[in-house]
C-alpha cells in the first residue's frame, strides 16, 4: 500500500467486507459488484486471478487493520463493494405453492451481528428469504457479512417500508404467519401445520411490536426451560427453522 495512503473509512454506501468466507462468497455472487481488493500476497494467492476490472492493492497486516474496525478478523483480505440490488417482496413471493421453504420476518432487529447470524441460519435451513423494515434494520456492513459467513450473498433479503403491509402481502401469498413470543400458549410444534410458513421474530428484550403481533395468524413459543428467560434471536431463529424443516417427520 502506498505510504501515507490510509483510507480508514469506506465511502458512504460502499461497505467493506473482510475475511475469507465472506469475501469468497461476495466474489462468487454475480449480483455483487466488487470495487476494490486489498490483501496480503499470501492471502490473495488463495483467490487466484482477479478480473482486470477490479483494482488490487497488496498490503501488510497493519495497513489492512486500518481499513476495517479495530480488531476485525480480516484474515489478510478486505474488499470494497456496492450494496446488493434491491429485492422486491412481490418477486420473492411469486414462488409457487409447491415451494415449502419458510420465510423469516424480523421486526426491528437492528444489531448487525444478530441479523448476520440469522442470515447464516436461514442459509443453513434453506429459507426462502428474510424480510425486514428498511428503517429499523442494519445496512450491509463488514460486521454483518462476517457474522453471516457468506450467507449475505446467498439468502434474499427484502427491505420494506411498512412491515404490517408486507405481512398482509405475505398472507395473500398463502403463508401462515407465526409470531414467536414467550407469552404464547401453544408451542411452535403445535402451531406449525402443512401450509407455507412465515416466522416472525422481534428484537431481543422488546419482542414484536403490538401491531406486528396483530398481523400474525398465530403466536407460538419455543419450549425452553423456565430457568432461561429467552434466547438470542439468532438461536431462536435457528431452532424455529429446524422445527419447520422437520415437521411431519
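The values are calculated or read from the model by the stated rules, or taken from the named source; none is laboratory data. As the structure is a prediction and not an experimental result, all values here were calculated from the model. Virtual Cβ from ideal backbone geometry, glycine too; neighbours counted across all protein chains shown.
Do we find that residue 233 is in the same structural domain as residue 114 (by TED's automatic domain parsing), surrounded by 21 or more Cβ atoms within 10 Å (Cβ to Cβ) and either farther than 23 Å from residue 88 by Cα or free of Cβ contacts under 8 Å to residues at least 60 places away in the same chain (or both) in this structure?
So residue 233 fits the description; yes.
Checking the structure you have, find out if any residue of region 23-40 is over 25 Å from residue 112 (Cβ atoms) and without any contact (Cβ under 8 Å) to a residue 60 or more places away in the chain.
yes
With respect to residue 155, determine if the residue is assigned to a loop (DSSP other than H, G, I, E, B) and under 25 Å from residue 123 (Cβ atoms).
yes
Could you list, in sequence order, all residues of region 147-170 that are touching a residue at least 40 places away in the same chain (Cβ under 8 Å) and touching a strand residue (DSSP E or B) at 6+ places or on another chain (Cβ under 7 Å)?
Residues satisfying the conditions are 156, 157, 158, 159, 160, 163, 166, 167, 170.
Go through region 89-117 and give me each residue that's closer than 12 Å to residue 170 by Cα and either surrounded by fewer than 20 Cβ atoms within 10 Å (Cβ to Cβ) or free of Cβ contacts under 8 Å to residues at least 12 places away in the same chain (or both).
Within region 89-117, 89, 90, 91, 92, 94, 95 meet the criteria.
Please give the number of the condition residue 34 fails out of (1) over 30 Å from residue 203 (Cβ atoms); (2) at pLDDT below 95.
(2)
Within region 1-30, which residues are modelled with pLDDT of 90 or more and exposed (fewer than 10 other Cβ atoms within 10 Å of the Cβ)?
Correct list: 30 only.
Tell me which residues, restricted to region 227-248, are assigned to a loop (DSSP other than H, G, I, E, B) and under 20 Å from residue 175 (Cα atoms).
Those that are assigned to a loop (DSSP other than H, G, I, E, B) and under 20 Å from residue 175 (Cα atoms): 246, 247, 248.
Is it the case, given these coordinates, that residue 133 is farther than 23 Å from residue 165 by Cβ, assigned by TED's automatic domain parsing to the domain that holds residue 174 and touching a strand residue (DSSP E or B) at 6+ places or on another chain (Cβ under 7 Å)?
no
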